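Notes for the one structure printed next.
The values are calculated or read from the model by the stated rules, or taken from the named source; none is laboratory data. Because the structure is a prediction, the values reported are computed rather than measured. Cβ sites come from the backbone with ideal geometry, for glycine too, and all protein chains shown count toward neighbours.
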Amino acid sequence: MSQALGRGAIDTISLEVLAYLLEHLPQSQPDSDWIPGALLDSAMMQRLLANRFTGFAAFAFENEWLGGLLFYQGQALEAWRRALGGLENRAEAYRNLLPMLEFASVRFFVLPTSLIPCVAALTVTDRLESYDATKLSVAQMLTKLEQSQFAGAVILENGAVGQAWYFARGLALLEPTFPEAFREGRLHILHNPSQIPVDVVEVDRTETKQDDAAQVLHLQKAFEAVLLEHVGVNTKALLDANKAMLQQSNPRQLQESLEVWLEETYGSAFIGQFRQRLDN
């Protein structure tokens, strides 16, 4: 389930500014108190989907923002996680957030539907323009955005300080006050993504299946190589006899089964040879 998406402002603006904007999303009306992150299990994700929840979930540990999930009608369109030296997004962020839920707290916030693609643009759009803010006319910029029916986000970045405005059909959604002129900083204009991002839960599920299949194939080849080296012509018969074992889809369980069989059949030395094949 591949999808060509950009990285929004992840590689363009500072982590501090981007994390601040994601932590302080606009019109965020709390839909719950802070609850243990472990409660965000598959059953709760199904309820969010059934209720067509539109908004975001924020994750925190000891009052420090860890990341979040952006929802549209119950589907998790985007995920963010603060990582060392950067910001993860999409399935990578979702996958790495899951082990942290046991220690984190989560809170849900409702967002207007019109804001969802603008927020997603922060980290998935592939259409971004950056300018020296001091050389722009605010009035001319707003006129141009209105005439072009711009939809997306405008970010003013000044060091570790940032501010965002969100637009749909050329008009600011939240009636923010623009300064008469930008005195300093850089201005980033992020257009809404051209396509709705695929649910990160589905992406993670698909990528996990693909990774598991690749690992299973690697295990099967390593096992066959050990047999070919020591058994030779009888390898095919042994593979056929152990066909059920070799068809296991869980790579961890398959490796355990293969190592038990090798030890019981030929001795523990064969496990070392098998693992060497896996490392090659």
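Would you check if PHE150 is part of a loop (DSSP other than H, G, I, E, B), more than 26 Å from PRO30 (Cβ to Cβ) and touching a His at 6+ places or on another chain (Cβ under 8 Å)?
Judged against the criteria, PHE150 is a match.
Looking for whichever is among the hydrophobic types (A, V, I, L, M, F, W, C) and closer than 30 Å to ALA153 by Cα here; the options are VAL233, VAL200, VAL216. Which one fits?
Selected residue: VAL200, the only one of VAL233, VAL200, VAL216 that is among the hydrophobic types (A, V, I, L, M, F, W, C) and closer than 30 Å to ALA153 by Cα.
Are there any pairs with C-beta distances below 8 angstrom linking a residue in segment 186-211 that is in the same structural domain as VAL124 (by TED's automatic domain parsing) and over 20 Å from GLN75 (Cα atoms) to a residue that is surrounded by 20 or more Cβ atoms within 10 Å (Cβ to Cβ) and polar (S, T, N, Q), with the two at least 6 apart or on different chains, and if so which?
That search, which allows pairs on different chains as well, returns LEU190/THR125; HIS191/THR125.
Would you point out the residue of segment 165-179, among those that are in contact (Cβ under 8 Å) with a residue 40 or more places away in the chain and closer than 18 Å to THR113 by Cβ, that is nearest to the chain's Cα centre (by Cα)?
TYR166
Hey, can you tell me all the residues within segment 52-79 that are in contact (Cβ under 8 Å) with a residue 60 or more places away in the chain and of a type outside the set (Gly, Ala, Ser)?
THR54, PHE56, LEU69, TYR72, GLN75, LEU77, GLU78
State which residue pairs qualify: first residue closer than 15 Å to THR134 by Cβ and inside segment 144-158, second residue of a type in the set (Phe, Trp, Tyr) and part of a loop (DSSP other than H, G, I, E, B) in any location, beta carbons under 8 Å apart, and separation of 6 or more residues or different chains.
Once the first residue is closer than 15 Å to THR134 by Cβ and sits in segment 144-158, its partners that are of a type in the set (Phe, Trp, Tyr) and part of a loop (DSSP other than H, G, I, E, B) give LEU156/PHE182.
If the requirement is being surrounded by 12 or more Cβ atoms within 10 Å (Cβ to Cβ), within 19 Å of VAL203 (Cβ to Cβ), modelled with pLDDT under 90 and of a type in the set (A, V, I, L, M, F, W, C), which of these qualifies: LEU5, LEU49, LEU15?
Checking each option against the conditions leaves just LEU5.
Conditions tested, residue by residue: (1) of a type outside the set (S, T, N, Q); (2) in a helix (DSSP H, G or I); (3) surrounded by 12 or more Cβ atoms within 10 Å (Cβ to Cβ).
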position	(1), (2), (3)
THR143	no, yes, yes
PHE182	yes, no, yes
VAL198	yes, no, yes
LEU219	yes, yes, yes
